[in-house]
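**Student:** Pasting a structure here, questions to come.
The values are calculated or read from the model by the stated rules, or taken from the named source; none is laboratory data. Everything numeric here is computed off the predicted structure, so don't read it as measured data. With ideal geometry, Cβ positions are generated from the backbone for all residues, glycine too; neighbour counts draw on all protein chains shown. Side chains included, ligands, DNA and RNA excluded: accessible areas come from the protein's heavy atoms. Shrake-Rupley method; radii C 1.70, N 1.55, O 1.52, S 1.80 Å.
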Amino acid sequence: MKIYLNSTSNLGDFLNALPVLSGIHKEWARKEEIHFLMKPEMKKFKGIKEFLMYQNIFHKVDFIDDIFVYGDVIELSSWTREDRNDPNRPIETCRYENWLRDKYDKLTFEVDDNFLLSVDPFLKEPLVEVNKPYVGDRWNGPGIDGRRASWTLSHLANVNFLDYNRTVMENAFCIWMSPRPFITTFTGTSTIADLMGKKQVVLWGEDIRDWDNKPIEYSFEKHFYKNRNSKLMYIGDFEVEKLDEYFTV
């Protein structure tokens with residue numbers, strides 16, 4: 001079974017598909033292995049191919065421009081209706097689900113809302129200081145959506161910033177191993193943290209107050225599970241010193 005996610009090269013939107021893909025794997029693992037295909041633009045995320053292979057969902061992962069593709073390919077996109085079959089499920093995940101249900105009626109599956117990202121526990125070097133919380137800011141790497149600001153959290157002090165020169169797995173390890181809640185914004189690493197069930201504060205600023213001409217709460221529900229550990233907060237109200245308190249109320 002070949003599945004090609006062709007609608008996005010943004011990391012957060014991309015990773016919102018994983019609960020759907022995990023559900024397909026659970027339904028079809030005894031019948032067909034999944035060969036997963038990505039847009040070549042995803043190469044900008046260092047180690048993304050290896051990170052996906054570690055999730056035990058796919059038999060094989062490739063960038064579509066690196067191989068000759070033959071036979072039938074299931075196309076996966078989120079450019080469709082937003083009806084939600086579960087009120088806690090991210091809207092973007094629902095859109096992937098709806099796309100497949102509308103176009104491939106023989107592809108039976110249930111969305112795996114219990115899906116948790118797997119992290120290599122033997123990576124030790126990336127974790128620097130366990131007492132300082134990690135911050136996943138929005139980088140300004142190649143091919144990013146320029147309508148939103150980058151490095152909006154760079155003013156925060158007494159924190160560790162994720163290094164995007166490292167691999168996706170290494171940064172996921174930092175988020176996973178830190179005993180402190182994660183600090184982030186609307187960016188790919190916040191989706192990683194949510195899919196780990198990690199406590200995190202997702203900060204928003206004026207650049208995305210009315211993103212898609214909708215309230216910020218809609219943007220939050222678009223990418224994060226309502227019943228996990230992600231909290232939405234305006235960047236001007238956030239204080240690093242109160243990070244742990246935000247999860248005790």
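**Student:** Which residue is surrounded by the most Cβ atoms within 10 Å (Cβ to Cβ), if the candidates are limited to the stretch 83-107 and must be at pLDDT 95 or above and acidic (D, E)?
**Tutor:** Filtering the stretch 83-107 for residues that are at pLDDT 95 or above and acidic (D, E), the one surrounded by the most Cβ atoms within 10 Å (Cβ to Cβ) comes out as E97.
**Student:** Quick one: in the stretch 160-179, which of the residues that are surrounded by fewer than 17 Cβ atoms within 10 Å (Cβ to Cβ) and part of a loop (DSSP other than H, G, I, E, B) is farthest from the chain's Cα centre (by Cα)?
**Tutor:** Selected residue: P179.
**Student:** Oh, and also: Taking the stretch 7-55 on its own, how many of its residues are within 19 Å of S77 (Cα to Cα), touching a residue at least 24 places away in the same chain (Cβ under 8 Å) and assigned to a helix (DSSP H, G or I)?
**Tutor:** 17
**Student:** G143: modelled with pLDDT of 95 or more, surrounded by fewer than 19 Cβ atoms within 10 Å (Cβ to Cβ) and either among the β-branched types (V, I, T) or at positive phi (or both), yes or no? Show your work before the answer.
**Tutor:** Numbers: modelled with pLDDT of 95 or more: no; surrounded by fewer than 19 Cβ atoms within 10 Å (Cβ to Cβ): yes; either among the β-branched types (V, I, T) or at positive phi (or both): yes.
The answer is no for G143.
**Student:** A further question follows. In the stretch 219-249, which residue that is in contact (Cβ under 8 Å) with a residue 60 or more places away in the chain and of a type in the set (S, T, Y) is most open to solvent (accessible area, probe 1.4 Å)?
**Tutor:** Y246
**Student:** Would you please name the residue that is nearest to the chain's Cα centre (by Cα), looking only at residues in the stretch 188-215 that are surrounded by 15 or more Cβ atoms within 10 Å (Cβ to Cβ) and basic (K, R)?
**Tutor:** That would be K198.
**Student:** It is to be established whether one or more residues within the stretch 112-126 are among the acidic types (D, E), at pLDDT below 90 and open to solvent by 20 Å² or more (accessible area, probe 1.4 Å). Quick ask: steps written out before the conclusion?
**Tutor:** Residues of the stretch 112-126 among the acidic types (D, E): 112-113, 120, 125.
Still in the list and also at pLDDT below 90: 125.
So of that shortlist, the ones also open to solvent by 20 Å² or more (accessible area, probe 1.4 Å) come out as 125.
Yes: one or more hits.
**Student:** Separate question: Determine if the stretch 211-232 includes at least one residue that is farther than 28 Å from F51 by Cβ and among the aromatic types (F, W, Y).
**Tutor:** Yes - at least one qualifying residue is present in the stretch 211-232.
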